[in-house]
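For reference, the structure is listed below as structure tokens.
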Amino acid sequence: MLKVKNLSVHYGGMQALAGVNLEVHDGEIVSIVGSNGAGKSTAINAISGLRKLTSGTIQFLGDDLTGLEAHARVPLGIVQVPEGRKLFPLMSVEENLLIGSTHREAKQHRHETLEQVYRLLPRLKERKKQIAKTLSGGEQQMAAIGRALMSRPKLLMFDEPSLGLSPLLVQTLFNLIKQISSQGITIMLVEQNVKQTLQIVDRCYVLENGGISLEGTGEELLNHDHVKKAFLGM
Ligand code: ATP
């Protein structure tokens with residue numbers, strides 16, 4: 001579904017990513033894990049079109065995305081749930097959700113998708129008239145996910161969705177990601193919460209100092225010595 005080849009990104013003179021290669025297949029949950037500053041957000045932003053590449057190519061369902069603006073990638077099915085949720089604080093939950101369905105195909109199916117989102121996230125239905133900024137952190141994360149689902153993604157990408165959530169909510173969130181996956185949506189997940197991430201993914205890439213240092217199934221990496229030492233505190 002997604003093929004990233006030789007991706008490099010610079011911020012001015014500083015190289016954040018150096019020759020990253022990765023693939024995501026239809027129906028998979030794939031994650032990129034790594035510590036602070038490793039380049040995870042840069043990688044996901046390059047895929048969604050929010051960050052310009054220095055070099056490399058990104059192919060999605062056979063189309064070359066390189067150079068395509070972020071808004072033009074959404075109708076193709078690449079949608080990102082941004083770090084920090086980025087809801088419109090003074091708008092209601094439902095208004096925030098509807099903003100996710102502005103491209104033509106999503107608009108056509110707006111009511112049906114909204115009902116699907118409310119079925120998946122009933123709390124959002126209960127709170128549909130509530131102003132977004134008054135939601136709890138967990139509810140805001142759900143609303144940001146609901147808004148992304150309103151775009152009818154094929155590949156849904158999450159940037160650090162567990163950030164700032166309590167352990168119980170993190171578990172709820174990871175269950176939700178699995179549920180979304182079981183509905184046929186392919187998932188790319190950037191996380192610092194390595195243990196729980198490896199428990200739900202099909203495959204994972206470890207990003208260190210701007211490059212992929214390891215890749216494998218969740219289980220392989222959970223049992224890998226370097227992962228255990230560097231990320232699992234074992
Ligand atoms: P975090 O979990 O802290 O977000 P990350 O793995 O997502 O870390 P990135 O945010 O992609 O890492 O950052 C990779 C490197 O690029 C870091 O050294 C960071 O300081 C730098 N960087 C990120 N954004 C910018 C920017 N807008 N301008 C300059 N440097 C940046």
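Numbers at a glance
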| quantity | calculated |
| --- | --- |
| Computed [θ] at 222 nm, helices only, for the chain once each DSSP H run of length n ≥ 4 contributes -39500 (n - 2.57) | -10500 deg cm²/dmol |
| Carbon/sulfur fraction of accessible area - the chain, other protein chains in place, 1.4 Å, % | 50 percent |
| Extension gain (nm, one decimal) between Lys195 and Gln130, 0.36 nm per residue minus Cα-Cα | 20.0 nm |
| In degrees, nearest ten, helix 167-182 long axis to first principal axis of the chain (Cα) | 90 degrees |
| Helix 137-149 axis, angle to the chain major axis (alpha carbon atoms, nearest 10°) | 90 degrees |
| Tail fraction, Cα-Cα pairs, the stretch 55-117, threshold 14 Å, whole percent | 65 percent |
| Rg/Rh (Cα only; Kirkwood hydrodynamic radius) as it applies to the chain | 0.96 |
| Residue with peak Gaussian network fluctuation, the chain [Cα springs, cutoff 10 Å], from Asn96, Asn45, Asn36 | Asn36 |
| Span from the the stretch 126-191 Cα centroid across to the the stretch 39-89 one, whole angstrom | 18 Å |
| About the Cα centre, charge dipole magnitude for the stretch 92-152 (Lys/Arg +1, Asp/Glu -1 at Cβ), debye | 40 debye |
| Spacing of the two label points (7 Å from each Cα toward its C-beta) at Gln179 and Phe88, in nm | 2.6 nm |
| Alpha carbon convex hull of the stretch 92-152, projected area averaged over orientations, nm² | 3.4 nm² |
| Gained length - Glu69 relative to Thr217, 0.36 nm times residue gap less alpha-carbon distance | 50.1 nm |
| Listed residue (Met157, Asn223, Gln130) projecting farthest to the positive dipole end of the chain, Cβ model | Gln130 |
| Once the Cα gyration tensor of the stretch 97-234 is diagonalised, semi-axes √(5λ) in Å | 31, 17, 12 |
| Over 29 Å between alpha carbons, listed pairs Lys86/Lys228; Lys40/Lys125; Lys86/Lys107; Lys154/Lys229; Lys5/Lys178; Lys52/Lys128 | Lys86/Lys228; Lys40/Lys125; Lys154/Lys229; Lys52/Lys128 |
| Convex hull volume of the stretch 136-192 per residue (C-alpha atoms, cubic angstrom) | 69 Å³ |
| DSSP-defined beta bridges in the chain - what % are antiparallel, rounded to 5 | 55 percent |
| Accessible area expressed per residue, the chain, with surrounding protein chains retained (probe 1.4 Å, Å²) | 47 Å² |
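The values are calculated or read from the model by the stated rules, or taken from the named source; none is laboratory data. Here the structure is a predicted model, which is why all the values come from computation and not from measurement. Here Cβ is always computed from backbone atoms with ideal geometry, including for glycine, and neighbour counts include all displayed protein chains. When the accessible area is computed, the model is the full protein with side chains, heavy atoms only, and any ligands, DNA or RNA have been set aside. Shrake-Rupley method; radii C 1.70, N 1.55, O 1.52, S 1.80 Å.
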